[in-house]
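Novice: Please read through the structure below; I'll follow up with questions.
The values are calculated or read from the model by the stated rules, or taken from the named source; none is laboratory data. Worth saying up front: this structure is predicted, and the values here are computed from it rather than measured. Don't worry about glycine lacking a Cβ; one is built from the backbone with ideal geometry, like all the others, and counts go over all protein chains shown. Ligands, DNA and RNA are excluded from the accessible area calculation, which covers all protein heavy atoms including side chains. Shrake-Rupley method; radii C 1.70, N 1.55, O 1.52, S 1.80 Å.
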Amino acid sequence: FAFYRPSPSLTLTQMNMFQNTGIGLGSNNWNRRRTRDSRDSSSSGTIVAITDKQTKSLLRERDAKIAALEKDVIGLQNKISTLSKEQAMITGGQRKGKKGLTPYGNTVRVSVSKCSAKRRQLLAERNRMGRNASLSTQAILNSLPDENSSKEVLINRIQDMFRSPNEHVGYLKSEQFAKDLLKLNKKVKGILEDEPRCVFLQSPAYVFGDIHGNLEDLHFFSDNVWNLGMALTAGNFVFLGDYVDRGMSCLEVVAYLLAMKLMLPQKVFLLRGNHETRDVNGWEEHYGTRSFIYQCRERFGDELGYKVWEMTNSTFDRMPLAAVIDQE
């Protein structure tokens, strides 16, 4: 701000000149002239004259703005502090249930007692883990077979066999096919154990009757009902049992249906018929070469064939007995 004031170093001659002109230093004319000059200077934009009262008013206004800004800053700081505490509480609650890693590892080994009986016993030991323990553990975990990938490989092998059985004659007579059947039964048994004896379903649902080891019937259904695959076909698939006996492809039918159950456990439902019992599918004297037990032993030999037959019947034992669709 610029304050227009008379120069304090005026000479006596200059002061007399002001008095002679009627605008003395202490006269009202001087004050009026100064006010008019101040207005003229304000309008011209060169020199602005502000009184002490105006200056104090501007300073008070500035102080009020500074105080308001300081208040806003304090409020923001309080908000940041509150949010930081809430975040710490959330992360602390999430980590509360997790236990920190320990440098010790628990191992169990078999040992022989020192008494005369020489009994075998299990001993639990707690040893400090070495620096490379985590790397060794990761290497062991990586070497273990992946359950999901092995299941997909198994299902894909059975599906390839189903699409073109004539190109997989060697596989169908191999020990690998027998091992795949044993794996399928083992995996599907766990799924069937979780199902009730009477399953309740909703439409749409496709219901299929007796297959009786007839692979051509399954091919017909595959080409006309689920030609895009069961996974892409809307609705459930219900099979009413009697999958084996009378036909010459009992093992192929069982393998395909079990593979579909393993792949789509909530979409494919296998009910138990009277031929899913040992008394019926083991009646070789009645059905001859078309009985299920004969085809198992003829395909894989007596020992391995009987094992496949028994394991498959163990899966049959766990199948539901009935299904209700739309409560009807």
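Novice: Every residue in the range 146-181 that is within 19 Å of Leu264 (Cα to Cα) and of a type in the set (A, V, I, L, M), please.
Specialist: Val153, Leu154, Ile155, Ile158, Met161, Leu181
Here's the yes/no breakdown for (1) charged (D, E, K, R); (2) closer than 16 Å to Leu172 by Cα; (3) touching a helix residue (DSSP H, G or I) at 6+ places or on another chain (Cβ under 6 Å):
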site	(1), (2), (3)
Leu257	no, yes, no
Leu262	no, no, yes
Gln266	no, no, no
Asp279	yes, no, no
Trp283	no, no, no
His286	no, no, no
Gln295	no, yes, yes
Glu303	yes, no, no
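Novice: If a residue must be open to solvent by less than 40 Å² (accessible area, probe 1.4 Å), more than 14 Å from Leu251 (Cα to Cα) and assigned to a helix (DSSP H, G or I), how many such residues does the range 154-188 contain?
Specialist: As a first pass, look at the range 154-188 and keep what is open to solvent by less than 40 Å² (accessible area, probe 1.4 Å): 154-155, 158-159, 161-162, 164-165, 171-172, 174, 177-178, 180-182, 184-185, 188.
Now drop any that are not more than 14 Å from Leu251 (Cα to Cα), which leaves 154-155, 164, 188.
Now drop any that are not assigned to a helix (DSSP H, G or I), which leaves 154-155, 188.
Number of matching residues: 3.
Novice: In the set Gly213, Gly247, Gly229, Gly209, which member is at pLDDT below 95, out of contact with any strand residue (DSSP E or B) (no Cβ under 9 Å at 6 or more places or on another chain) and small (Gly, Ala, Ser)? Write out each step before concluding.
Specialist: Working: Gly213 fails: at pLDDT below 95; Gly247 fails: at pLDDT below 95; Gly209 fails: out of contact with any strand residue (DSSP E or B) (no Cβ under 9 Å at 6 or more places or on another chain).
Criteria check complete, one pass: Gly229.
Novice: Right, something else. Considering only the range 189-208, state which residues are in a loop (DSSP other than H, G, I, E, B), closer than 21 Å to Asn313 by Cβ and without any contact (Cβ under 8 Å) to a residue 40 or more places away in the chain.
Specialist: Restricting attention to the range 189-208, the residues satisfying the condition of being in a loop (DSSP other than H, G, I, E, B) are 194-197, 202-204.
From the residues that got through so far, the ones that are closer than 21 Å to Asn313 by Cβ too are 194-197.
Asp194 - this is the single residue of the range 189-208 that is in a loop (DSSP other than H, G, I, E, B), closer than 21 Å to Asn313 by Cβ and without any contact (Cβ under 8 Å) to a residue 40 or more places away in the chain.
Novice: Mind counting the residues in the range 210-221 that are over 20 Å from Met263 (Cβ atoms) and part of a loop (DSSP other than H, G, I, E, B)?
Specialist: Within the range 210-221, residues that are over 20 Å from Met263 (Cβ atoms) and part of a loop (DSSP other than H, G, I, E, B) number 4.
Novice: Can you spot a residue in the range 317-327 that is among the small types (Gly, Ala, Ser) and touching a strand residue (DSSP E or B) at 6+ places or on another chain (Cβ under 8 Å)? Walk me through how you get there before you give the answer.
Specialist: Just the residues of the range 317-327 that are among the small types (Gly, Ala, Ser), to begin with: 322-323.
Next, from what is left, pick out any that are touching a strand residue (DSSP E or B) at 6+ places or on another chain (Cβ under 8 Å): 322-323.
Yes, there is a match, as at least one residue in the range 317-327 is among the small types (Gly, Ala, Ser) and touching a strand residue (DSSP E or B) at 6+ places or on another chain (Cβ under 8 Å).
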